[in-house]
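Visitor: Sharing a structure here in structure tokens format.
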Amino acid sequence: MKNKKEIILTTLGFQDENKNPISFIKNFQKINNQDCKYKYYIIGNIELNTYKKIQKISKLDKNIIIKNKYLEYREYKKYFDKADMIVIPESKNYRYLSSGLVWDCFSNKKNFFAPNSALFQFYLKKYKVGCIYKKNNLPDLFKKIKSIKKNSQNEFAKLHRDYSQKQNIKIFKKILF
């Protein structure tokens, strides 16, 4: 049997009752991971009750690594760069706004899994640079990580053109003048 590369999934930043990866972890643990080696890092300041819940549901899974600490930029960047996919945790707030982590993904050409919300659906439908995760689609998404990464480079180029400073200036000129 061929030795497969380990896939690195990472959630970064502040986690609390409202914004946390618990739902993702529960669904992720249902995947039959015999075909893939993986590590899932959850790193950042984690509110105490949320930290305890995350520890409880992941304590038997040695592939889930939790680091409850403030990340300085160089540490954030190190974990961000090392990840194959960034996992954006679910949040009720994402119905109305986006995660700053998504913009880091856009800027740095990093693929991501996002929760099911209208804003994430809009971006990921227009630019195929990640996937929406839902209860039942994680096994399929996990198998597609390599193809998502491979096929997204042109999409990132398109996204960067559409959101470039030059393009934004054109849009603002149309609005203002």
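The values are calculated or read from the model by the stated rules, or taken from the named source; none is laboratory data. Note that the structure is predicted; figures quoted are calculated from it, not measured. So basically every Cβ, Gly included, is an ideal-geometry build from the backbone, and we count neighbours across all protein chains shown.
Visitor: Looking only at residues that are under 23 Å from Ile7 (Cα atoms) and hydroxyl-bearing (Ser, Thr, Tyr) in the stretch 40-72, which one is surrounded by the fewest Cβ atoms within 10 Å (Cβ to Cβ)?
Guide: That would be Tyr41.
Visitor: Anything in the stretch 58-105 that is modelled with pLDDT under 90 and not in a loop (DSSP other than H, G, I, E, B)? List them, or say none.
Guide: Result: Ser58, Glu90, Ser91, Lys92, Asn93, Tyr94, Arg95, Gly100, Leu101, Val102, Trp103.
Visitor: Take the stretch 135-151 and flag every residue that is among the charged types (D, E, K, R), surrounded by 11 or more Cβ atoms within 10 Å (Cβ to Cβ) and more than 16 Å from Ala114 (Cβ to Cβ).
Guide: Scanning the stretch 135-151 gives Lys143, Lys146.
Visitor: Within the stretch 132-145, take every residue that is in a helix (DSSP H, G or I) and modelled with pLDDT under 80 and give me the one that is nearest to Tyr38 (Cα to Cα).
Guide: Step one: list which residues in the stretch 132-145 are in a helix (DSSP H, G or I), which gives 138-143, 145.
Filter once more, so that each one left must be modelled with pLDDT under 80: 138-143.
Working: Leu138: 14, Pro139: 13, Asp140: 15, Leu141: 13, Phe142: 10, Lys143: 11 Å.
Across the stretch 132-145, the extreme among qualifying residues is Phe142.
Visitor: Would you call Asn154 surrounded by fewer than 17 Cβ atoms within 10 Å (Cβ to Cβ), assigned to a loop (DSSP other than H, G, I, E, B) and without any contact (Cβ under 8 Å) to a residue 60 or more places away in the chain? Outline the logic, then answer.
Guide: On the way: surrounded by fewer than 17 Cβ atoms within 10 Å (Cβ to Cβ): yes; assigned to a loop (DSSP other than H, G, I, E, B): no; without any contact (Cβ under 8 Å) to a residue 60 or more places away in the chain: yes.
Spelling it out, it is not the case that Asn154 is surrounded by fewer than 17 Cβ atoms within 10 Å (Cβ to Cβ), assigned to a loop (DSSP other than H, G, I, E, B) and without any contact (Cβ under 8 Å) to a residue 60 or more places away in the chain.
Visitor: In the stretch 116-134, how many residues are aromatic (Phe, Trp, Tyr) and exposed (fewer than 15 other Cβ atoms within 10 Å of the Cβ)?
Guide: So the answer is 1.
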